[in-house]
Amino acid sequence: MKNEFDRLVEHLLSSNILLEEAVEILERRMIQAALERTGGKQTAASKLLGIHRNTLQRKIVEYELGTGRPRARRKPPTRAGRVQKRNTGAA
């Protein structure tokens with residue numbers, strides 16, 4: 001495994017690929033593989049990768065790895081019958 005990785009590093013260097021781009025390639029591919037392995041379950045994928053779920057979600061957006069459907073945002077439940085006070089500015 002170490003020899004394969006060393007060859008990959010040499011290939012990246014000889015191809016003039018900068019470190020930032022190499023890190024992006026590796027992150028993107030590892031995230032894709034983790035999501036495939038876990039059937040798209042982000043919590044399981046984040047555990048597999050050893051990162052927080054929020055970090056995984058941010059990277060999914062950053063690398064445009066979405067599932068093609070936006071996540072539904074939950075709205076807080078409404079408080080029926082509760083009257084909100086208006087701030088009139090007077091003390």
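Side notes on the structure shown:
- About its Cα centre, the range 2-62 has a charge dipole of approximately 460 debye under the convention of +1 per Lys or Arg Cβ and -1 per Asp or Glu Cβ, with nothing else charged.
- Structural descriptor for the range 2-62: relative contact order 19 percent, calculated from alpha carbon pairs under 8 angstrom and at least 6 residues apart.
- Proportion of all alpha-carbon pairs of the range 2-62 beyond 18 Å (%): 43
- Applying the Karplus relation 6.51 cos²θ - 1.76 cosθ + 1.60 with θ = phi - 60° to the range 11-20 yields 3J(HN,Hα) values of 4, 5, 5, 6, 8, 6, 8, 6, 4, 4 Hz, where x marks Gly and Pro.
Values in this text are rule-based calculations from the coordinates and carry no lab data. Being a predicted model, the structure only gives us computed values, none of them experimental. Neighbour counts run over all protein chains shown; Cβ positions are idealised from the backbone, glycine included.
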